[in-house]
Amino acid sequence: MSEMWINMGPQHPMTHGLWNLRVKIDGEIVLDVDPEMGYLHRGIEKISEDRHYNEIITLMDRTCYVAGIAWEHLFILAAEQALHVEPPERALWIRMLSEEFQRVASHLMWYAAFVQDIGLMSPFLYGMRDRDLVLDLFQSYTGGRLTYEYMRVGGVRNDLPPGFAEQARKVCDWLLDRFVEYDRLCSGSDIFHRRCDDLGVVKAQDCIRLGITGPMLRSAGVPRDLRKDRPYAAYDRVDFDVATAETADVTGRYVVRMEELRQSVRIIRQALDWLDKNPGPVMADNVPRWMGAPYAPVGREGYLLKREYPKGVGFSAIEEPHGEALAYVVNEGGEHPYRVKLKSPVFVNLSAARHYLVGYRVADIPPIMGSVDICVGEVDR
Amino acid sequence: MAESEPTPSSNPVLWVAKPLVTAARQFGKSLFRPSTIVYPFERLEDPKFRGAVRVAPGKPIGVGQVWDNYRGVHALNIDTCISCNLCAFSCPDLCIDMVTVPGGDPRHPKKCPQIDYGKCSYCGFCSDACPEGCLTMTTRYELSVSKRADMIYSPERLREVFNAKLPMSPIRVERPKNEDAILLDAPLCIGCNACARDCPTKCITMVDLPKPVPKGGEKLPKRIWKEPVVNDSDCVRCGTCISVCPKECLFWGTHR
Amino acid sequence: MEGEELSRRLVGKFPAVVVEPFRETAGRVRFPPEILLDLFREMRDGLGFDHLGQVGAIDWVEEREVFYTLWSDREKQYVFLSTRVPASAPHLESLTPVFSSANWHEREAWELVGIEFDHHPDLRPLLTPTGYEFHPLLRSFQLHEPEGLEVKVRDV
Amino acid sequence: MAPLSLYGVANTLVSTLLLHLAAVLPAPLSTLASNSGLITALSVLLFGAILLGASLLNTILLIWFERKMLGRFMDRRGAMHVGYAGLLQNFADGLKLFRKHTFKPRDADGLGFFSAPTAYMVTSIVMFGILPISTGWNSGSLPLSLLLALVVFSFAPLFIFLGAWSSANKYSLIGGMRSAAQMIAYEVPILLAVVAVILLSGSFDLSTIVAEQRNYWFWGPLFLALLVFVAGMLAEMERIPFDLPEAEAELVEGWNTEYGGMLFAFFMLADYARALVGSYLIVLLFLGGWTMPGWVPAPLTNFPLAGILWFQVKTYLVFGVFIWVRASLPRVRTDQLLRVGWMRMIPLALLSIVLAALVVLAKCLPVFGCVPSVGG
């Protein structure tokens, strides 16, 4: 069979979203790939320039639809710097708790999608089932299951409801039991190892050269984790380990993510303990709750009086479930940011697709791309 | 490309035993009661599932009782609505329109929110902004309609939701205590009473000013010798007074 | 690495750069566009900032700013670099010879803010459709639909 | 009364009907109606119709069984709304597919595109006529029925490849290539495993093979052959872990990507018919067919239709194992599949032939007092 290009996407089971992977194959061997993005480009950065800071939160939830609160957190950190607002301590812990729950939910979603890529159908449903418990918890205190709109500049919208900690601990126990089951189904299976070992290898120096971050980088043995290296929220006050693996292949990424799930549960438990002991306000005093919104009192035509904030820039970096995410917010006074720049980790991880796909087989593309953990929403933004 | 060989650690005898046993165990667990909640017949907001959403037999994980926080369709209590427009202003998607409802006085008709659920993103900013707590979000989430026009909920339909007495989010966001206040640029004021007339909470009163005695040669400005005074504790900061002021003499400023 | 040390080590080699403190990073380095490749080589090899976090661009109407974020595992710190090019001739040397991960970032900055990256290996639109001749993140691009917008579809 | 048999039932029905007709019809027609040749022909047709209908019903029941079983493995319920416990769901699905517009891609080759599903369907359905279900419930005792069954069974790659090639789609093409490679690779070990069975039973006739298992089922001495045969059947049926031709993660739907409506339903139904046939073959060759071991109490084995019942129970148990495997194992890769096929399965199958020969030899030893049945 001669060489040919096939389009995997934009409607393809492998893509986990809306993008197109053009693959040049010779028989079963991949000769070249060319990712085509942009099918989900919604111009979030542009719309942000036309919205109040708190209204941008609704966009951030939709940036990555499986890790909404992490992106809220990222933007809020930058916006607080740009607006010179300090959140109270309890809000920091609640944010950290939320982000770790989000990491669990995101990794469970990844697990579900990934096992389906290698042909396992039932763990897909186990993963989705257990993710739903985490979403139930989210719903109990944010009110949303996928788009939370929970964080505000200067804190979070509301405190945790009574009885939340008890339920959350139950879910943590349940999840830890299930993680054992996941491991038995995947890494306990020889076929899994035959499929995933030595697949999609990106060595440590290549990762750094290509800018790859997150579990992909940690699976190559580089313990880079912004929660540890550049602690934000309250990460410097909890104990956890950075999960790494040495193999730099698909199995390594699986191992890293499973270990991160366990570490996230560990952080969640510590955060719950702290939150039990330290009640307090969750919003800073000096910031209006609906920033901008009540100050626009002339109907739809325009804003008569704009609130002026001191100029500033904000730069934040968090370890999103997929890797290093950066936000840069420029505030030129006024109620809207002048520019919001978001950097998605998947954007970079995906841009290196040629490096880790070429030379493998067509059947290897789904596991490799699955192990990258693509969220097209945050790539295209 | 490396030929993939089984890892040395994997046991060739048991190479598929572990997953098979795990799947069989799950089969045994879900034989009688799978964790599916059969949606149209069983509902999460059903009181039966409040206490314990059963994930597996013998292992209840109950998160059902906090379902009330869910942000679904709005409920509107028209009677307490003061037409302050804050919900419409706070909406990031511009999906709220203020439409006239019967019951107001003819010169100043009462206006209540009408929500287009085709645009709504259920962020809850409107119910957070509502100073009277009359616009709240309920647990209703079934919105499928066959016509796009049916996605628009008029105030009357929102009141029907309210009358259905659905569970509503118990979390109320408190207003910040030192929020900015309405301030008056006194020399510009002409005492026209527009602000006090249109204030939805009637927190503006017009107080008499002492009419100064004109000195020699000086001309007194032509005005009504009254001045608005805002009761900050009742003010909801809706800004209606600012928008109706003909002289733009009211403005936002730091709390006195 | 504190700002002063960064300043000392950079200004010695590149007198044109200005280092100022910036938001929990090692500093913000403002540099003229000509020394881009040399500066980044020095940052990577000499100072150990070997990970390119992001490349972005801002439209300041008369000028366009391109900013870069580098991370050093050794220092556990970010450093923020920015340069400005005139809006009339928004040309900048591509960073891809030094950091190959700049590829997609620059493609994005090119199509959204309209910075022309010279010697870029693959300057194709990434997010917008082929034939889309607007730069949406420019301040002049209004959010309502531009006049005469006709999106061309690539021939297959 | 002779033992109950399907042909007997059909014959009785037809002859009773025609004789009653002959009694009321005028003279020239009555002799025609009572013609024995016509009765035979009509009985054969009725027999075929009943067999076909029952087999297709059984296939659809098998799909239901898989959906429910798989649902429980995945902690969900499976089909449950149409009919009792979703029993009629597949009919509803079939009805929906039947109502759909049958279309052909512009570049597809019409002849191949439309004939492939039909031929695939036919070759799968024909198997039901060849395989005996119980004594008296097959289309007649063919002396070489096993060989015929295997020959018909191995037509499939041809038609799959025909359909894949003519639908002018790259995914279909890759899937078809994979399918052909995989089926051909696994035909060989299957045949070798069957050789062991033939060696032990001394016959190519499936009825005789089952009859030979009245004392002991062949899976005991031929365990290796069973293993090879089951693995081969998994590959032939294209089920997880060997469902590479339609690996939905990378190939969308493999060789039937371009098929929709009734053509897809043909492929789907034929797939499950093949799965049923494969399970039949395993039961027939290794699990004693419709016979039951001696320790099962007599009331459970000698009521009418007991043979069919036990045969179906065994078939569904075998298929249940396939479902279990599908619920818990990932898919393997093409090269791994082929390597396992050529380098593991064939030696194992050869070994099992040797073992079968040893068993036959052992039976010849005077200790057992048996007479060798091989070689006549």
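The values are calculated or read from the model by the stated rules, or taken from the named source; none is laboratory data. Model, not experiment: these values are computed from the prediction. Note that we place each Cβ from the backbone using ideal geometry, even for glycine, and neighbour counts take in every protein chain shown.
Figures for the structure shown
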{"read-out": "Which listed residue is touching a residue at least 12 places away in the same chain (Cβ under 8 Å) and either buried (at least 23 other Cβ atoms within 10 Å of the Cβ) or within 14 Å of chain B (Cβ to nearest Cβ) (or both), from A:GLU28, A:GLU36, A:GLU89", "value": "A:GLU28"}
{"read-out": "Odd one out for A:GLU49 among (1) more than 30 Å from A:GLY333 (Cβ to Cβ); (2) facing another protein chain (nearest Cβ under 10 Å); (3) in contact (Cβ under 8 Å) with a residue 60 or more places away in the chain", "value": "(1)"}
{"read-out": "Only listed residue being under 21 Å from the mean Cα position of the chain (by Cα), among the aliphatic types (A, V, I, L, M) and surrounded by fewer than 24 Cβ atoms within 10 Å (Cβ to Cβ), chosen from A:LEU146, A:LEU137, A:LEU83", "value": "A:LEU146"}
{"read-out": "Number of the exception - D:LEU158 against (1) modelled with pLDDT of 85 or more; (2) surrounded by fewer than 19 Cβ atoms within 10 Å (Cβ to Cβ); (3) aliphatic (A, V, I, L, M); (4) closer than 26 Å to D:LEU348 by Cβ", "value": "(4)"}
{"read-out": "Of all residues in segment A:191-206 being touching a residue at least 12 places away in the same chain (Cβ under 8 Å) and more than 9 Å from every other protein chain (Cβ to nearest Cβ), the one that is nearest to A:ILE374 (Cα to Cα)", "value": "A:GLY200"}
{"read-out": "Test: residue in segment B:159-177 that is at pLDDT 80 or above and among the charged types (D, E, K, R)", "value": "yes"}
{"read-out": "Which numbered condition C:ARG23 fails, given (1) in contact with a Leu (Cβ under 9 Å, 6 or more places away or on another chain); (2) touching a residue at least 24 places away in the same chain (Cβ under 8 Å); (3) under 30 Å from A:GLY221 (Cα atoms)", "value": "(1)"}
{"read-out": "For A:VAL66: the one exception among (1) aliphatic (A, V, I, L, M); (2) surrounded by fewer than 24 Cβ atoms within 10 Å (Cβ to Cβ); (3) within 14 Å of chain B (Cβ to nearest Cβ)", "value": "(3)"}
{"read-out": "Scope segment B:73-113; condition part of a loop (DSSP other than H, G, I, E, B), modelled with pLDDT of 80 or more and closer than 16 Å to B:SER154 by Cα; matching residues", "value": "B:VAL73, B:ASN77, B:ILE78, B:ASP79, B:CYS81, B:SER83, B:LEU94, B:CYS95"}
{"read-out": "Scan of segment B:204-220 for residues that are in a loop (DSSP other than H, G, I, E, B) and touching a residue at least 12 places away in the same chain (Cβ under 8 Å), ordered by number", "value": "B:LEU209, B:PRO210, B:LYS211"}
{"read-out": "Residues (touching a Leu at 6+ places or on another chain (Cβ under 7 Å) and under 26 Å from D:LYS314 (Cβ atoms)) located in segment D:7-50", "value": "D:ALA10, D:PHE47, D:ILE50"}
{"read-out": "Count of residues meeting criterion [touching a strand residue (DSSP E or B) at 6+ places or on another chain (Cβ under 8 Å) and crowded, with 24+ Cβ neighbours inside 10 Å] in segment A:177-223", "value": "7"}
{"read-out": "Test: residue in segment D:6-22 that is among the aromatic types (Phe, Trp, Tyr), in contact with a Gly (Cβ under 9 Å, 6 or more places away or on another chain), surrounded by 14 or more Cβ atoms within 10 Å (Cβ to Cβ) and in contact (Cβ under 8 Å) with a residue 40 or more places away in the chain", "value": "yes"}
{"read-out": "Inter-residue pairs, beta-carbon under 9 Å, first within 18 Å of C:VAL113 (Cα to Cα) and within 7 Å of chain C (Cβ to nearest Cβ) and in segment A:324-344, second surrounded by fewer than 24 Cβ atoms within 10 Å (Cβ to Cβ) and among the β-branched types (Val, Ile, Thr), 6+ apart", "value": "A:TYR328/A:VAL313; A:TYR328/C:ILE58; A:VAL330/A:VAL313; A:VAL330/C:ILE58; A:ARG339/A:VAL330; A:ARG339/C:ILE58; A:LYS341/A:VAL330; A:LYS341/C:ILE58"}
{"read-out": "Condition check for A:PHE347: in a helix (DSSP H, G or I), within 9 Å of chain C (Cβ to nearest Cβ), within 23 Å of the chain's Cα centre (by Cα) and not charged (D, E, K, R)", "value": "yes"}
{"read-out": "Segment B:105-162, residues that are under 19 Å from B:VAL236 (Cα atoms) and either in contact with a Ser or Thr (Cβ under 6 Å, 6 or more places away or on another chain) or acidic (Asp, Glu) (or both)", "value": "B:LYS110, B:LYS111, B:PHE125, B:CYS126, B:SER127, B:ASP128, B:ALA129, B:GLU132, B:CYS134, B:LEU135, B:THR136"}
{"read-out": "Residue tally, condition part of a helix (DSSP H, G or I) and either at the interface with chain B (Cβ under 9 Å from one of its Cβ atoms) or in contact with a Leu (Cβ under 7 Å, 6 or more places away or on another chain) (or both), over segment A:136-165", "value": "8"}
{"read-out": "Residues within segment A:266-290 that are surrounded by fewer than 20 Cβ atoms within 10 Å (Cβ to Cβ) and of a type in the set (A, V, I, L, M, F, W, C), tallied", "value": "3"}
{"read-out": "Matching residues in segment A:106-123 - criterion: being closer than 22 Å to A:LEU342 by Cα and either within 14 Å of chain D (Cβ to nearest Cβ) or in contact with a Lys or Arg (Cβ under 6 Å, 6 or more places away or on another chain) (or both)", "value": "A:HIS107"}
{"read-out": "Unique residue being surrounded by fewer than 18 Cβ atoms within 10 Å (Cβ to Cβ) and either over 22 Å from the mean Cα position of the chain (by Cα) or in contact (Cβ under 8 Å) with a residue 40 or more places away in the chain (or both) when the list is D:ALA41, D:ALA108, D:ALA49, D:ALA79", "value": "D:ALA41"}
{"read-out": "Count of segment D:129-152 residues which are modelled with pLDDT under 85 and more than 23 Å from D:ARG214 (Cα to Cα)", "value": "1"}
{"read-out": "Conditions (1) surrounded by fewer than 23 Cβ atoms within 10 Å (Cβ to Cβ); (2) out of contact with any strand residue (DSSP E or B) (no Cβ under 9 Å at 6 or more places or on another chain); (3) of a type in the set (Phe, Trp, Tyr): number failed by A:TRP174", "value": "(2)"}
{"read-out": "Selection from segment C:81-111 of residues that are buried (at least 21 other Cβ atoms within 10 Å of the Cβ) and of a type in the set (A, V, I, L, M)", "value": "C:LEU81, C:LEU92, C:LEU95, C:ALA102, C:ALA109"}
{"read-out": "Residue count, segment A:330-344 (criterion: part of a strand (DSSP E or B) and either among the polar types (S, T, N, Q) or in contact with a Ser or Thr (Cβ under 8 Å, 6 or more places away or on another chain) (or both))", "value": "4"}
{"read-out": "Qualifying positions in segment A:207-237 - more than 14 Å from chain C (Cβ to nearest Cβ) and under 30 Å from A:GLU86 (Cα atoms)", "value": "A:ALA234, A:ARG237"}
{"read-out": "Count of segment D:193-210 residues which are in a helix (DSSP H, G or I) and over 20 Å from D:CYS364 (Cβ atoms)", "value": "5"}
{"read-out": "Checking B:LYS165 against (1) within 14 Å of chain A (Cβ to nearest Cβ); (2) in a loop (DSSP other than H, G, I, E, B), the condition it does not meet", "value": "(1)"}
